[in-house]
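First the structure, in the form of structure tokens, and then the observations on it.
The values are calculated or read from the model by the stated rules, or taken from the named source; none is laboratory data. Keep in mind the model is a prediction, meaning the values are calculated, not measured. All Cβ positions, even for glycine, are placed from backbone atoms using ideal geometry, and neighbour counts span all protein chains on display. For accessibility, only protein heavy atoms count, side chains too; no ligands or nucleic acids. Shrake-Rupley method; radii C 1.70, N 1.55, O 1.52, S 1.80 Å.
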Amino acid sequence: MGKGPFSFKRSSSSKRRPKKFIGPPPSPFPSPPQPMRSPPTNNNNANYNNNLGVVAGGAAAVKGKKKAGGARLWMRFDRFGGSELVECDKNAIIRRAAIPARDLRILGPVFSHSSSILAREKAMVVNLEFIKAIVTAEEVLLLDPLRQEVLPFADQLRQQLPQKSQSRIEEASPLDEQDNGMDVSTGRQWLPVPEATEGLQCDLPFEFQVLEIALEVVCTFLDSSVADLEREAYPVLDELARNVSTKNLELVRSLKSNLTRLLARVQKVRDEIEHLLDDNEDMAQLYLTRKWIQNQQSEAFLGRSASISISNTAPPLRRLSSNKSGSLVTSNNMDYDDVEDLEMLLEAYFMQLDGTRNKILSVREYIDDTEDYVNIQLDNQRNELIQLQLTLTIASFAVAVETLISGIFGMNIPCVLYEMNGVFEPFVGGITAFCVLLFFVIFGYARWKKLLGS
């Protein structure tokens, strides 16, 4: 055709483009364990110091870079003990853990000594004293991992997670899918029903392993703080009982302030655990691994059901062929009622915190007893001062009588006694004896009325 006004020229954008390769759909199961970024360590002191050196070196490299606005330092742990230092801002953490923004404010410096364990759809927000972490079914994000108080927690995660994960893999390996009722096929994989994963549930899930380590570190820290406070308190209180001075009173005041703050911190952790123990629904929401498995099973079951043509007259599926396992889609109430593992875990640390709280209360009772003893001593001294004042008042009254008589005779009034010789000495002696006798009479009357001590 010619180049008329209605002729069109083929655009260069209509060239044939290469087709993109679309890989297989992602598997509902977690990927097999990869090589760990930081190998697990032993319990000896040399390896522990090496771990701290590696962490400090990595932190120096991360801090050397220019931080983005709002980015904070996190340490990521996977379920096999691998760890890495990362810098993430608030939006990245919200997208990664699927938590609301207000949960990150709970992990901020404003709530530095608050304690809370919050359950979300895919994560658990742990804020216990100095431990601030976000736990999912597959990883742990630890905030401010280079703080001196947080380093023992990071080292415990690095040591215990590989051991527990290895034990879970060894216990799950001899499971046979054919002996555990009916399995759900995904086309290329066989997904076990809850009975098939019964062997995996003999040990705590990943999120509860992390929670157990966090509670252990916090309880150990609080116990050591209480022990240090006891070693400091008893000598100071005994010294105050022996010598009531301004210095000793100031030491006891500082000690009592530290005791009150420590009791409040222990009480916050204890109240949070007690709140979880009182609500089974909240404890059920903390089972992240169970919810993850149920979601994967439901998606696999729905995907297989959609791929098979079912007649409209077929009854709705309510139960699988296994008499033990219920429907993976409709019946999850039995799983949500099973919170025995978490309940036993929380009860153990609740009792430990209750014992720590009782130690603090015993120290506070000792302080109260010492204060009562000091007050008794001060009251006794005050009573002695009052008795001394009363005695001096009586003596002043007796002397005042003699002074009155002397003042009367000191006036320039004519008197016969002025002209008598040898009267002055007997008269003065008689007045003095009378005043002394008056003093003893009043003093004896005060003793008789028990106004003065013996």
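Reported count of residues in segment 355-364, each being touching a residue at least 24 places away in the same chain (Cβ under 8 Å) and either farther than 30 Å from Leu277 by Cβ or open to solvent by 50 Å² or more (accessible area, probe 1.4 Å) (or both), is 3.
Could we say that Thr391 is within 16 Å of Gly453 (Cα to Cα) and modelled with pLDDT of 90 or more here? Spell out how you get there, then give the answer.
Working: within 16 Å of Gly453 (Cα to Cα): yes; modelled with pLDDT of 90 or more: yes.
For Thr391, the condition - within 16 Å of Gly453 (Cα to Cα) and modelled with pLDDT of 90 or more - is met.
Against the list (1) assigned by the TED database to the domain that holds Val428; (2) outside any loop (DSSP other than H, G, I, E, B), the condition Met411 fails is (2). Scanning segment 199-238 for residues that are acidic (Asp, Glu) and in contact with a Ser or Thr (Cβ under 6 Å, 6 or more places away or on another chain) turns up just one, Asp223.
Kindly indicate the residue of segment 112-136 that is polar (S, T, N, Q) and open to solvent by 10 Å² or more (accessible area, probe 1.4 Å) and also farthest from Thr220 (Cα to Cα) among those meeting that condition. Among those residues, the one meeting the criterion is Thr136. Taking residues in segment 233-253 that are free of Cβ contacts under 8 Å to residues at least 40 places away in the same chain, and partners anywhere that are basic (Lys, Arg) and outside any helix (DSSP H, G or I), not one pair has Cβ atoms closer than 9 Å while being at least 6 places apart or on different chains.
Conditions tested, residue by residue: (1) modelled with pLDDT under 50; (2) farther than 18 Å from Ala214 by Cβ.
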{"position": "Asn45", "(1), (2)": "yes, yes"}
{"position": "Leu52", "(1), (2)": "yes, yes"}
{"position": "Phe77", "(1), (2)": "no, no"}
{"position": "Ala98", "(1), (2)": "no, yes"}
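Inspection of segment 89-103 identifies at least one residue that is in contact with a Cys (Cβ under 9 Å, 6 or more places away or on another chain), part of a helix (DSSP H, G or I), open to solvent by 30 Å² or more (accessible area, probe 1.4 Å) and assigned by the TED database to the domain that holds Pro145. Within segment 326-350, residues that are farther than 21 Å from Arg270 by Cβ sit with their Cβ atoms under 8 Å from residues that are at pLDDT 75 or above and loosely packed, with under 14 Cβ neighbours inside 10 Å, at 6+ positions apart or across chains, in these pairs: Val329/Leu302; Tyr336/Glu281.
Just one of the listed residues (Gln352, Gln297) is of a type in the set (S, T, N, Q), open to solvent by 60 Å² or more (accessible area, probe 1.4 Å) and at pLDDT 80 or above, namely Gln352. Every residue in segment 202-227 that is open to solvent by 10 Å² or more (accessible area, probe 1.4 Å), within 18 Å of the chain's Cα centre (by Cα) and not hydrophobic (A, V, I, L, M, F, W, C), please. Hits for segment 202-227 are Glu212, Glu216, Thr220, Asp223, Ser224, Ser225. Report yes if some residue within segment 365-383 is aliphatic (A, V, I, L, M), modelled with pLDDT of 90 or more, more than 30 Å from Leu237 (Cβ to Cβ) and open to solvent by less than 80 Å² (accessible area, probe 1.4 Å); otherwise report no. No: zero hits.
Is it true that Arg231 is part of a helix (DSSP H, G or I) and either open to solvent by 60 Å² or more (accessible area, probe 1.4 Å) or modelled with pLDDT under 90 (or both)?
Working: part of a helix (DSSP H, G or I): yes; either open to solvent by 60 Å² or more (accessible area, probe 1.4 Å) or modelled with pLDDT under 90 (or both): yes.
Here the answer is yes, as Arg231 does meet what is asked.
The residues of segment 86-127 that are farther than 27 Å from Gln294 by Cβ and touching an Asp or Glu at 6+ places or on another chain (Cβ under 6 Å) amount to a single one, Ser115.
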